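Nothing in this text is a laboratory measurement; each read-out follows from the coordinates by a stated rule. Remember, it's a predicted structure, so these values are computed and weren't measured experimentally. No Cβ is skipped: glycine too gets one built from the backbone with ideal geometry, and neighbour counts run over all protein chains shown.
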Amino acid sequence: RDAQIDRITALMGPATAAVPCMVVTGQLSTGKTGLIQDLLTSLGAPHAYVSCVECSTPRAVFETVVNQLCGHASTGGNSYAEHTKCRDLATLIK
């Protein structure tokens, strides 16, 4: 996996740069998600993971990103409420 990690970090640019949006594709069960999440966590890069299978609407995608970046988890204790409503890209980037 070292070659893949080196290629991904090269695509990301210097540590001071904003991490670009990445879409990782490939065969099922090959470790894509784990590799990227572990790499971004080890680099201390803010990131969110969005499953396109589970998030089938733009609103679901945006709210998943906001919740993860804010460290919010919808639970029974908060009546499964979202951190904030986020219906479009303009709201997401505010």
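Before moving on, here are some points about what is shown:
- Selection status of V23, out of contact with any Asp or Glu (no Cβ under 6 Å at 6 or more places or on another chain), hydrophobic (A, V, I, L, M, F, W, C) and assigned to a loop (DSSP other than H, G, I, E, B): yes
- Residues that are in a loop (DSSP other than H, G, I, E, B) and in contact with an Asp or Glu (Cβ under 6 Å, 6 or more places away or on another chain) were ranked within the range 45-93; the one that is nearest to G13 (Cα to Cα) is C86.
- Evaluating V23 against the criteria (1) within 11 Å of the chain's Cα centre (by Cα); (2) surrounded by 11 or more Cβ atoms within 10 Å (Cβ to Cβ); (3) closer than 26 Å to Q4 by Cα leaves one unmet condition, (2).
- Selection of the range 26-44 for residues being assigned to a helix (DSSP H, G or I) and either surrounded by fewer than 12 Cβ atoms within 10 Å (Cβ to Cβ) or of a type in the set (D, E) (or both) yields G34, D38, T41, S42.
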